[in-house]
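To keep things clear, I will list the structure first and then write my remarks on it.
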Amino acid sequence: MKKPAKPEVREEDFQHPVDMQEELAMFDHPQNVKRLLYGFFTCVVLLLGIDLFYHKHAIFPWEEFFGFYSVYGFVACVVLVLVAKYILRPLVMRKEDYYD
Amino acid sequence: MINALPPAVILILGALPVPFLRGKAKAAWMLLLPVVSFLNLLAIPEGTHWTAGFMDYELVFGQVDRLSLIFGYIFHLISFISILYALHVEDDVQNVAGLVYAGAALGVTFAGDFFTLFVFWEMLTISATFLILARRTPAALGAGFRYFMVHVAGGLCLLAGIVLHVQQTGTAAFGFVGLDGLASTLIFIGVGVNCAWPLLHPWLTDAYPEATITGTIFLSAFTTKTAIYVLARAFPGTEELIWIGTAMAAFPIFYAVIENDLRRVLAYSLINQVGFMVVGIGIGTALAINGAVAHAFNDILFKGLLFMTMGAVMYRTGKINATDLGGLYRSMPWTCTFCIVGAASISAFPLFSGFVSKSMVMEAAAHGNLRLVWFVLLFASAGVFHHAGIKIPFFAFFSHDSGLRCKEAPRHMLLAMGIAAVLCIFIGSFPQFLYSLLPFATDYQPYTASHVIAQTQLLFFSALAFTLLLLSGIYPAEIRSVNIDADWFYRKGGRLFYGLADKACNGLNSWGDRVLVKLVPGLLARFFEEPGGNIQKHGVRLLAEATGEGADLGTTEDRIERRSRTAAYPVGGGVLLAVLFLAVMSLLFFL
């Protein structure tokens, strides 16, 4: 088959050696990551707290339980990851050249 | 008659001169095509246009109503964005295939009869295959071939259904079909292949990550969404669709969590999103159909946006596996920002587009009192945030520093991503523009305090789960691997079939070669070297065996051979014997 006139990925766009003198970016500073995490945890707590203070328009009765969506979201993701890691992965994972 | 052209014509015919244009003229021409085609579409009033007789049936190239129009609008929009994104591509196979592909999707959308629909349906398959083959790697050639085979099989199923359906109803008009009997079931399954239903889906996760960087943007927009359109017109309210859609929404997220190739993660999440639409069509109420169509509209934009950002990463770094990437927020800040917008949209964050359409489907399920479906969809909503919302941006742009320092994406790519990102936020913030285009009138209000808080809680606690699992090391490490899926059956099955066919056919072949080509002609050749001598030798040998007097066999054979080589036969004696024999035979016969 004919090769395209220009390859889509050009050599000069590839990896450049890391410049050790380069300025550290925002998330290279551990304290920035820590701040971000604390901010996030605060939001999470606030969101759960808000549950007490507003009127819910629920269609199903369980939607009115305290923190239903919070708990469901958390549990769903933990179940998702555990099932994917401990059940699905051993079942379906093969070496990269499995089909070759 | 009106002066506009059938919607599919401009893009498909406009693709023809593309290989003959160069440089800026080509770029301008390709960008102009969807714009002109869109203006053309605006000039077409609702109703039925461009009908032509075909045998005893009527072909309709322009069935224009609110349902087909909204798909027409978004297909034009994403065509423009995709072409802008692909401006650097000088490979005309991709340019032509992309335009024809978009045109074919419009053809399906505005087809008013099954024959027209089928022709454009097959055109989708063929042009899409070229978008995959154009990558020109062995993996892409294999994936393209499998894609083609699966869709041809699906197309034949559809065709069989159409033929039966037309036979039974006496009309080829494309409208509500409903699931009853063999004909409609065949149509249903044929459409289901393109819709990537569970077990029929692996063509999607197999082919999209192997297609060219720009080809995948086109692919993610058209095939599954035209199938959604056809389902919405032909099978609204079909209960089976609710369960098919629920399965579609749920199972891919497990795969997405352990998948390493980020474009394949997006392909799985595409199936997950299409699941929401299929559920909506299955429920079939006005709210549900509206939700399905609105979600298709939004998904084309945000899934396109996510594929574009991953394409840009791949274009600049040559890598797409999560194991190879990370820390790219330094060198590709704009792409990173657009990726986060796409991720927020697909996860249905308030103020982003997914929120205003996904909640319609969820609410329709709740009003239908479909409890299990509702729970699974909620699970899928949390899951999609987990893999598409967090995993994609996190592993590509943050995570550990891969040491890759590349340039920011080219300007035209940034522009394309920017347009899609702005639209995602615009639709999410001002949903009434999208709602006014929906097939049914609606006064749906997504922004109630209840909705917003519930959704935000769901997403933040999903993120919390991700954070805690990652910090504690439980989150599955990215591993270079292949995860087998339903495509195992036709990949391995194909190989098994090939192996069996190889054994059977090539075995027969080599036996034929051994016996008929080498053995028999060899024997015949040796025999006819001296036929007379060979017969005599054989006779002498038989005689010797029978009488047990083989003493002078060697000398007799030598004599025979010498005689036959020098052709010193007593011919007269032989002739005399033959004449006598004939005389005796005739006497016996006549007397």
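The values are calculated or read from the model by the stated rules, or taken from the named source; none is laboratory data. As the structure is a computational prediction, the values presented were derived from the model and not from experiment. No Cβ is skipped: glycine too gets one built from the backbone with ideal geometry, and neighbour counts run over all protein chains shown. Heads up: the accessible areas ignore ligands, DNA and RNA and are worked out on the full protein's heavy atoms, side chains in. Shrake-Rupley method; radii C 1.70, N 1.55, O 1.52, S 1.80 Å.
Annotations for the structure displayed:
- The residues listed here are B:HIS88, B:HIS76; of these, the one that is more than 16 Å from the chain's Cα centre (by Cα) and not in a helix (DSSP H, G or I) is B:HIS88.
- Test: residue in segment B:310-324 that is open to solvent by 10 Å² or more (accessible area, probe 1.4 Å), under 16 Å from B:GLU408 (Cα atoms) and over 25 Å from the mean Cα position of the chain (by Cα): yes
- Residue check, B:CYS406 outside any helix (DSSP H, G or I) and under 24 Å from B:ALA86 (Cα atoms): yes
- Filtered residues of segment B:349-376 (kept if under 27 Å from the mean Cα position of the chain (by Cα), more than 11 Å from chain A (Cβ to nearest Cβ) and of a type in the set (A, V, I, L, M)): B:VAL361
- Cβ-Cβ distances below 9 Å connect the following pairs, each with a first residue in segment B:238-262 that is more than 14 Å from chain A (Cβ to nearest Cβ) and within 25 Å of B:PHE394 (Cβ to Cβ), a second residue that is of a type in the set (D, E, K, R) and crowded, with 21+ Cβ neighbours inside 10 Å, and a separation of six or more residues or different chains: B:LEU262/B:LYS391.
- The combined condition, being part of a helix (DSSP H, G or I), within 14 Å of chain A (Cβ to nearest Cβ) and not basic (Lys, Arg), is fulfilled by B:SER269.
- Flag if B:THR116 is modelled with pLDDT under 95 and in a helix (DSSP H, G or I): yes
- Single match in B:VAL119, B:VAL152, B:VAL64 (criterion: closer than 30 Å to B:ASN298 by Cβ and open to solvent by 10 Å² or more (accessible area, probe 1.4 Å)): B:VAL119
- Test: B:ALA104 is at pLDDT 95 or above and surrounded by 20 or more Cβ atoms within 10 Å (Cβ to Cβ): yes
- Sole exception among (1) at the interface with another protein chain (Cβ under 9 Å from one of its Cβ atoms); (2) at pLDDT below 90 for A:LEU37, by number: (2)
- Unique match (being free of Cβ contacts under 8 Å to residues at least 12 places away in the same chain and assigned to a helix (DSSP H, G or I)) among B:VAL341, B:VAL422, B:VAL356, B:VAL361: B:VAL422
- Identity of the residue in segment A:40-97, facing another protein chain (nearest Cβ under 7 Å), β-branched (Val, Ile, Thr) and more than 23 Å from B:GLU259 (Cβ to Cβ), that ends up nearest to the chain's Cα centre (by Cα): A:VAL44
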